[in-house]
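As structure tokens, the structure follows; a few thoughts come after it.
The values are calculated or read from the model by the stated rules, or taken from the named source; none is laboratory data. Quick caveat, the model's predicted, so the values are computed rather than measured. Backbone-built Cβ (ideal geometry, glycine too); neighbour counts: all protein chains shown. Just so you know, the surface numbers come from the protein's heavy atoms only, side chains and all, with ligands and any DNA or RNA stripped out. Shrake-Rupley method; radii C 1.70, N 1.55, O 1.52, S 1.80 Å.
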Amino acid sequence: MRVLKVFIVDDEAPAREELRYLIEQFPEVSVVGEASSGEEAIDAIVQIEPDAVFLDIHLQDRDGVDVGQELLESMVNPPVIIFASAYEIHAVRAFETEAVDYIVKPFSERRLEKTMNRVRRLLRTASAAQAVETPQFEERLQFLLQSVLTDQQPRRVPVEKNGKIILIDPNEIVFATLEGRYASIYTGCEQYATSFSLQELESRLSPQQFFRTHRAYIVNLSRTAELVPWFKGSIHLVMQDTRKTEVPVSRNVVKELKRRLGF
């Protein structure tokens, strides 16, 4: 059995360390590289040419699914793509890129074993395209689609206020920001503490409704009021809260934000 070369892409170092540790428990598997951003990942993967890539869907600079699609389209011998996220609703988009698997955080050794076995079987076939067209793939995709259809209602988000735990509707959230280690949520006129990192909170929110404008901010797209030009091509969003908070938007996501807002 030849050594299986694996590359890990995740913008959180603890997540990369955990996945590296679990992967390296399998025989004849070597983690040949890591990246914390989409652009860094593309450059390194093209050079290293790993057999498989574990690719987080939520990256600071790029949408992980788009990164996977670019790898599949630009490389002569693209790696097997395994998407990872804390939110399974992204799985339908992930499988549209012909990913071989989709794993939900937190990872387990048993689940990773199934993934690694699937990767090895795939690498023994003539092409990735043949493998993803198998009945097993179709069955998995149908299961994921059913999961989405039966989970249309937004999840309630637990927050803290005056020593109490309150469950709020995500539609009430105007924006969230990182304050210290944890995210704070702002509604129209209230502020709430949470026990989530900003990435953990993002995984609980609908990617169709919420957008990561900055490493420290997530906004509800339906609660934006104005776009204000800012320094060197960046912009600020004026939010629909009582303070009309201005939220920064990183230059590298301005184009995608405008697309999501419809212009």
Between Arg251 and Ser108, what FRET efficiency follows from the Cβ-Cβ distance if R0 is 35 Å, with the result rounded to 0.05?
-> 0.35
Could you list which residues have their amide H under 5 Å from that of Arg62, counting only those 5 or more apart in sequence or on another chain, with H placed in the peptide plane?
-> Gly38
Site Ile168, offset 7 angstrom along Cα→Cβ, radius 17 Å on amide nitrogen, limited to segment 227-257, gives 239-247
Quick tally, 1.4 Å probe accessible area for Leu71, Leu227, sorted with the most first, runs Leu227, Leu71
In straight Cα distance, which lysines are under 27 Å from Lys105, not counting same-chain residues fewer than 8 positions off?
-> Lys5, Lys114
The FRET efficiency for Arg2 and Asp66, from their Cβ-Cβ distance with R0 = 30 Å and rounded to 0.05, is 0.45
Where Val228, Val65 fall by accessible area, highest first, once all protein chains stay in place (1.4 Å) = Val228, Val65
Packing-based order for 52-61, 244-253, using average beta carbon neighbours within 10 Å, highest first = 52-61, 244-253
Here segment 50-62 yields Karplus 3J(HN,Hα) values (6.51, -1.76, 1.60; θ = phi - 60°; whole Hz; Gly and Pro given as x) of x, 6, 9, 10, 8, 10, 6, 6, 9, 10, 5, 9, 9
Work out how much length Gln47 to Phe263 would gain on full extension: take 0.36 nm times their residue separation and subtract the Cα-Cα distance, in nm to one decimal.
-> 74.1 nm
Amide H contacts under 5 Å for Ser206, placed H, 5+ residues apart | none
Considering only protein heavy atoms, with the full assembly of protein chains and a 1.4 angstrom probe, order Met75, Met239 by accessible area, largest first.
-> Met75, Met239
For Val228 paired with Val32, estimate the spin-label separation in nm (one decimal), with each label point 7 Å from Cα along the Cα-to-Cβ line.
-> 4.9 nm
Charge dipole magnitude, Cβ of K and R +1, D and E -1 - segment 170-263, Cα centre, debye nearest 20 | 440 debye
